[in-house]
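This report refers to the structure that appears directly beneath it.
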């Protein structure tokens, strides 16, 4: 079946729950074992003391370890991503931080793409750096040779364990070349005889518009709060990949306690049923909004995957690895913070709020809001200037969205 059909029932059988069409919420902390021997076996598998036998399934133990709502959600997420396994978390940041902590220790090197979401940037440049992880930033314009040269200096002695990035990057919409990053990973691995995880945040385009695993990415992370949920009523995250690479992440999740709660998992499972419809409508609306913005006299630049002004290199990458442009638009108004704020303050239909990917349109000012913690000199260098506005396009009527933008532009 097609994925939009599988989102209705995959991983759940009504006979398990009194014939309920939808999975009920398993709001319980613990589960009863049929026998002590069964409980012993479940723990052997859960703690890695033994492997599952053929046709054997992990039993329910405790909701910090497993829960039916979490398992149904994870199976559907894996279907969407074409992955072997998925791990669901209580937030996007818990998915990202748990993934990083599963593979990084003091002395290791993390190569990370700039820009990234402000919370991710803070975790990398403060927490990871403070515990002794060496960090090496790069941009979509950085050549592999430059990274290799820096790794040969004494400052970056140690093992590269992870390359982490977002594509498109938040909030500039710049694309990273997945083929080039896979080559970089392989080159470093050969030189150091060291296993490296290539990890990508795919929140902006989601599983419908981009398939990172097809290009050699090892782990795909999401803030499931965004498009995957799409209703601004859930905070959640997830990571997908092979059984082998997700297993350590799930193990650490058990002991950090960062698993998704039953009710949250149930809500997110509900949202996946309309994912294809929502994202298709958002994508259609975004294209109409972009066409409007490109020709507006108050707009200095527009950043949106696939449009001509992104440049030849970016468009070459887009055609090779993207299935759609998404619904995230960044545009710069002439002037600076004053003009951007005046524009934002005069929006009526579009909500002035952070977050993205929801069914309502949202706009915010990255320089002073989501990326406030990023040093100003770095923000200017990577294109997060004071006139930049990030717009997440929703499912409203496109004419109404454009009318709202037009009225706000009149004020500046």
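The values are calculated or read from the model by the stated rules, or taken from the named source; none is laboratory data. None of the values given here were measured: they were computed from a predicted structure. Every residue, glycine among them, receives a Cβ derived from its backbone with ideal geometry; neighbour counts consider all protein chains shown.
Quick notes on this one:
- Residue match in segment 243-265 (condition: out of contact with any helix residue (DSSP H, G or I) (no Cβ under 7 Å at 6 or more places or on another chain), outside any helix (DSSP H, G or I) and under 21 Å from residue 72 (Cα atoms)): yes
- Any hit, segment 365-374, residues being buried (at least 17 other Cβ atoms within 10 Å of the Cβ), on the phi > 0 side of the Ramachandran plot and either in a loop (DSSP other than H, G, I, E, B) or under 27 Å from the mean Cα position of the chain (by Cα) (or both): no
- Within segment 1-23, being in contact (Cβ under 8 Å) with a residue 24 or more places away in the chain, touching a helix residue (DSSP H, G or I) at 6+ places or on another chain (Cβ under 7 Å) and assigned to a loop (DSSP other than H, G, I, E, B) holds for 7, 10, 11, 12, 23.
- Figure legend. Inter-residue proximity from segment 275-298: first residues farther than 24 Å from residue 230 by Cα and not assigned by TED's automatic domain parsing to the domain that holds residue 73, second residues at pLDDT below 95 and not in a helix (DSSP H, G or I), beta-carbon distance below 8 Å, spacing 6+ or different chains. Indicated pairs: 298/412.
- Qualifying residue in segment 225-239 (condition: in a loop (DSSP other than H, G, I, E, B) and closer than 22 Å to residue 322 by Cβ): yes
- Residues of segment 271-315 satisfying the condition of being in contact with a strand residue (DSSP E or B) (Cβ under 8 Å, 6 or more places away or on another chain) and not in a helix (DSSP H, G or I): 298, 299, 300, 301, 302, 303, 304, 305, 306
- Of the residues 384, 395, 389, 401, the single one that is buried (at least 19 other Cβ atoms within 10 Å of the Cβ) and in a helix (DSSP H, G or I) is 401.
- Residue match in segment 125-142 (condition: under 16 Å from the mean Cα position of the chain (by Cα), without any contact (Cβ under 8 Å) to a residue 60 or more places away in the chain and in the same structural domain as residue 257 (by TED's automatic domain parsing)): no
- Out of 348, 312, 316, one residue alone is closer than 21 Å to residue 393 by Cα and surrounded by fewer than 16 Cβ atoms within 10 Å (Cβ to Cβ). It is 348.
- Out of 283, 230, sole residue that is within 22 Å of residue 3 (Cα to Cα) and buried (at least 24 other Cβ atoms within 10 Å of the Cβ): 230
- Some residue of segment 28-48 being at positive phi and assigned to a loop (DSSP other than H, G, I, E, B): yes
- Residue count for segment 316-342, restricted to those that are touching a helix residue (DSSP H, G or I) at 6+ places or on another chain (Cβ under 6 Å) and in a loop (DSSP other than H, G, I, E, B): 4
- Qualifying positions in segment 343-357 - part of a loop (DSSP other than H, G, I, E, B) and either in the same structural domain as residue 203 (by TED's automatic domain parsing) or in contact with a helix residue (DSSP H, G or I) (Cβ under 6 Å, 6 or more places away or on another chain) (or both): 346, 347, 348, 349, 350, 356, 357
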